[in-house]
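For reference, the structure discussed in these notes is given below.
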Amino acid sequence: MSEPKVWAKKSTFIFAAAGSAIGLGNLWKFPYMVGENGGGAFVLVYLLCVLLIGIPLMMSESIVGKYSHGNAIDAISQTAKRSNASQHWRGIAIFSMVTIFIILSFYSVIAGWAFDYTYAFATGEIGTGVDEVGKYFGELLGDSKRLIIWHSVFMLLTAVIIARGAQEGIEKALGVMMPVLFVLLFIVVAYSAFATGKFGDTLTYMFNPDFSKITPVVVIKAMGQAFFSLSLGMCVIMTYAAYMRKDVSITESSLYVSGLDTVMALLAGLAIFPIVFANGLDSGSGPGLLFVTLSTAFSQLGTIGVILGVAFFFLVIIAALSSSISMVEPFVKWCEEHNINRIVATFAYCLAVWAFGLITVYSFNDWSVVEFFGTEAKPFLGMGKSPFDALDFLTSSVFLPLGGLLTALYVGWAMNKMISREQLFTLNGALFGLWLFIMRFVAPIMIGIIFVFYALGEETMNTFIAYVTNLFK
Ligand code: TRP
């Protein structure tokens, strides 16, 4: 057997996994999800999900990947064989590959917006003030041709990076870009805090939860967002962990990656909400939030604003690219290890994703209200009104946690405990026991309960809670 291919440096896994985790999920999605789903209530449930399910599950995915050094399907197959477990568990990896295919299809369209904005700031096309910026955004969404052009550019770049197997090069670039993104985000937070005078309001909004806003839909969305942001449930971390060096600690890496990802999401919120409050914008305005708020602030700062605008949206593109490549790698790695040409596999896959992405493109204009998914006021099962809303909801809030649930059951119950014990060599007995307990009971039960409550709907849940509280009166 040939030597497994591993990354040269110890820290590369952290950079690659953090590169995958930190992306549009933090900068674009987290703030508008907070705004749409009850502010602090959402943040609280989100943080609980990261802590109780996210970090332990990241460790589990890493164990399977690092143990086998292969693509996700074969990694599960190998660990299952050694554990005398059913080969059917490989289904998790296949299900994952289908789901990330759909996620990437809309991810790329949104990343395209960042391209458009970088260009618009550089050429001075974005006007000054809230109304102008809002108008610019509206026009962009209405223009399917422009959306398709940028979507194509993004998919092409993703394909080229993956086809060349250039992850290590990307990793080097990320080592520079990620700190820059962090610093820039910090500058924007500082600006938002001092220039708007709304920092106090923002802190209250994000960290002082109104418990009455915690509904089943809010909880399922917060859980889905935690999975989305940490790139979990989809064998992506598993795939990257296959390149992990033997001496790297899984626990430590998982903590670093989750910590960095969470800090980035919170910073994005702290940057955006002061601008929302100062300009009287609607925090629940949805996917346009990042693009309208930050651009409004940048547009009022003259030349400095232009530089900040170009730099910021450029870094959003880089963050998105380091995430998108992680969504292509699982499939391409499988192809490569089954003697299918890497370049052919990459371009075929990316072309299919590109075509599927057209559904998202038209969701913002021609198909923006498709009543099949309910009406604007009362969306069907909280899915939203356009095909994009439905795809996003189904993949992020249902398929990702489902993938996570299956992974937890596999690693907790089906896989031989010795494999995990060996891989989590830095943990002492008690901590290992805690991790195993979370995998076996806490994570599956929590995800299960959230699914059940969500399926039953808010009214049933309230009746149930009232009934139970009555029992104890
Ligand atoms: N986590 C990335 C973000 O926040 C997106 C992402 C990358 C992802 N790989 C994934 C989401 C796998 C779900 C599954 O932008």
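The values are calculated or read from the model by the stated rules, or taken from the named source; none is laboratory data. Because the structure is predicted, anything quoted here is derived from the model rather than measured. FYI the Cβ positions are ideal-geometry reconstructions off the backbone, even for glycines, and counts take in every protein chain you see. Please note that ligands, DNA and RNA were not included when accessible areas were found on the heavy atoms of the full protein model with its side chains. Shrake-Rupley method; radii C 1.70, N 1.55, O 1.52, S 1.80 Å.
Among 186-197, 293-304, the peptide with the highest mean count of other Cβ atoms within 10 Å heads the list, and the full ranking is 293-304, 186-197. The 3J(HN,Hα) values that the Karplus relation (6.51, -1.76, 1.60; θ = phi - 60°) gives for the stretch 410-418 are, in residue order, 5, 5, x, 10, 7, 7, 4, 4, 4 Hz. Gly and Pro appear as x. Scaled against 2.2 N^0.38 Å for its residue count N, the alpha carbon radius of gyration of the chain is 0.95. Couplings for the stretch 244-250, taken from phi via the Karplus curve 6.51 cos²θ - 1.76 cosθ + 1.60 with θ = phi - 60°, read 6, 6, 4, 7, 7, 7, 5 Hz in order; Gly and Pro are left as x. Within the accessible surface of the chain, defined with a 1.4 Å probe on protein heavy atoms only, the carbon and sulfur portion equals 68 percent. A helix-only calculation puts the chain at -23500 deg cm²/dmol for mean residue ellipticity at 222 nm, using -39500 (n - 2.57) for each DSSP H run of at least four residues, averaged over all residues.
Scalar couplings 3J(HN,Hα) for the stretch 447-464, obtained by applying the Karplus form with A = 6.51, B = -1.76, C = 1.60 to θ = phi - 60°, are 4, x, 4, 4, 4, 5, 4, 4, 5, 6, x, 5, 5, 4, 5, 5, 4, 4 Hz; x denotes Gly and Pro. Just how far, in whole angstrom, is the stretch 95-159 from the stretch 183-235 if you go by their alpha carbon centroids? Taking the Cα centre of the stretch 95-159 as reference, the centre of the stretch 183-235 is 22 Å away. Computed over protein heavy atoms with a 1.4 Å probe, the accessible surface of the chain works out to 40 Å² per residue.
Here the peptides 97-107, 207-217 are ranked by packing, the mean other Cβ count within 10 Å, and the order with the highest first is 97-107, 207-217. Counting only residues at least eight positions apart within a chain, or on another chain, the aspartates and glutamates with an alpha carbon under 16 Å from that of K198 are D282. What you get for the stretch 62-209, charging only the Cβ of Lys and Arg (+1) and of Asp and Glu (-1), is a dipole of about 760 debye around the Cα centre.
Packing-wise, with mean Cβ within 10 Å as the measure, how do 271-282, 425-436, 225-236, 342-353 rank, highest first?
Numbers: 271-282: 21.3, 425-436: 13.3, 225-236: 28.9, 342-353: 18.2.
So the order, starting with the most tightly packed, is 225-236, 271-282, 342-353, 425-436.
Proximity of backbone amide H atoms, modeled 1.01 Å from N, is registered between R245 and W7 at under 5 Å, excluding neighbours fewer than 5 places apart on the same chain. Exceedance of the 20 Å cut-off in Cα-Cα distance is limited, within the set K5/K246; K29/K333; K221/K473; K221/K333; K29/K221; K5/K417, to K29/K333; K221/K473; K221/K333; K5/K417. Neighbours of L140 by Cβ distance under 14 Å: Lys/Arg scored +1, Asp/Glu scored -1, total -2.
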